[in-house]
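Worksheet: one structure, shown below.
The values are calculated or read from the model by the stated rules, or taken from the named source; none is laboratory data. No experiment lies behind these values; they were computed from the predicted model shown. Cβ placement follows ideal geometry from the backbone for every residue including glycine, while neighbour counts extend to all protein chains displayed.
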Amino acid sequence: MGKLDLSKIEPRTGSGYPEPHRAAVAGRSGLRLGAAGGLTQFGVNLITLAPGAWSSQRHWHLNEDEFVMVTAGELTLITDAGEEVMRAGDCAAFPAGMPDGHHLVNRSDAPGSFLVVGTRAAEDECTYPDIDMKAVSRGGVHTFLHKDGSRFDDDTGGNA
């Protein structure tokens with residue numbers, strides 16, 4: 001495939017999260033670089049967070065590895081261990097099956113960006129330790145459930 005022209009990749013905004021969990025990520029936009037390059041085994045996304053935006057709800061994956069690298073600005077990484085500021089060049093890794101809820105939050109007054117690389121497992125479960133939600137992925141279909149297994153009334157079937 002070769003070099004990607006970022007200006008030709010349509011930004012993806014918001015989230016497929018059901019309400020009320022969608023609002024925190026409203027200031028997130030991303031370029032699906034891996035998909036644009038035809039990659040099928042792992043995802044690569046360049047995410048930009050507006051001031052105040054979250055990358056996601058705090059979460060961890062049963063079957064998917066995640067790696068993040070801040071490329072611009074200043075973002076706060078929040079994990080089970082606490083908070084730490086990350087700047088361009090700082091990286092973090094989250095191995096599959098390690099119950100360490102994590103996300104990035106932009107607490108600065110300027111946009112911040114990060115690259116995220118992750119496994120595309122055929123089956124996965126995503127745990128959200130701070131809220132009554134979990135995500136189950138089977139065959140590329142993502143379903144958001146309450147922790148008791150019941151579906152959200154407005155389940156969009158979108159991507160986490």
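Selection over region 18-34 of residues that are at pLDDT below 95 and either assigned to a helix (DSSP H, G or I) or touching a helix residue (DSSP H, G or I) at 6+ places or on another chain (Cβ under 7 Å) (or both) gives a count of 3. Inspect region 104-122 for any residue being part of a loop (DSSP other than H, G, I, E, B), at pLDDT below 95 and among the charged types (D, E, K, R) and give the result as yes or no. Yes - at least one qualifying residue is present in region 104-122. Do the conditions hold for G52, that is, is it within 27 Å of H146 (Cβ to Cβ) and either outside any helix (DSSP H, G or I) or not aliphatic (A, V, I, L, M) (or both)? The answer is yes for G52. Apart from one condition, G89 fits all of (1) within 12 Å of F114 (Cβ to Cβ); (2) not in a loop (DSSP other than H, G, I, E, B); the exception is (2).
A search for C-beta distances below 6 Å between a residue of region 42-56 that is over 14 Å from G73 (Cα atoms) and any residue that is polar (S, T, N, Q), counting only pairs 6+ apart in sequence or on different chains, returns F42/T119. Of all the listed residues (G118, G140, G112, G97), the sole one being of a type in the set (G, A, S), under 22 Å from L33 (Cα atoms) and loosely packed, with under 15 Cβ neighbours inside 10 Å is G140. Across region 10-38, the number of residues qualifying as farther than 26 Å from F152 by Cβ, out of contact with any Leu (no Cβ under 7 Å at 6 or more places or on another chain) and loosely packed, with under 15 Cβ neighbours inside 10 Å comes to 2.
Within the bounds of region 96-106, is there any residue that is β-branched (V, I, T), over 21 Å from S29 (Cα atoms) and within 14 Å of the chain's Cα centre (by Cα)? No: zero hits.
Condition first: in contact with a strand residue (DSSP E or B) (Cβ under 6 Å, 6 or more places away or on another chain), hydrophobic (A, V, I, L, M, F, W, C) and either in a loop (DSSP other than H, G, I, E, B) or modelled with pLDDT under 95 (or both). Can you find one or more residues in region 71-86 that meet it? Within region 71-86 (the criterion being in contact with a strand residue (DSSP E or B) (Cβ under 6 Å, 6 or more places away or on another chain), hydrophobic (A, V, I, L, M, F, W, C) and either in a loop (DSSP other than H, G, I, E, B) or modelled with pLDDT under 95 (or both)), the answer is no, since none of the residues qualifies. Being surrounded by fewer than 19 Cβ atoms within 10 Å (Cβ to Cβ), over 11 Å from the mean Cα position of the chain (by Cα), hydrophobic (A, V, I, L, M, F, W, C) and at pLDDT below 95 is a property that A50 lacks.
In region 73-94, the qualifying residues are those that are exposed (fewer than 15 other Cβ atoms within 10 Å of the Cβ) and either of a type in the set (K, R) or touching a residue at least 24 places away in the same chain (Cβ under 8 Å) (or both), and the one that is nearest to S137 (Cα to Cα) is A93.
Results for (1) under 11 Å from the mean Cα position of the chain (by Cα); (2) of a type in the set (D, E, K, R), shown as yes or no for each residue.
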| position | (1), (2) |
| --- | --- |
| K3 | no, yes |
| L6 | no, no |
| T13 | no, no |
| S29 | yes, no |
| G34 | no, no |
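Of the set (1) small (G, A, S); (2) part of a loop (DSSP other than H, G, I, E, B); (3) surrounded by 17 or more Cβ atoms within 10 Å (Cβ to Cβ), all apply to G43 but (2).
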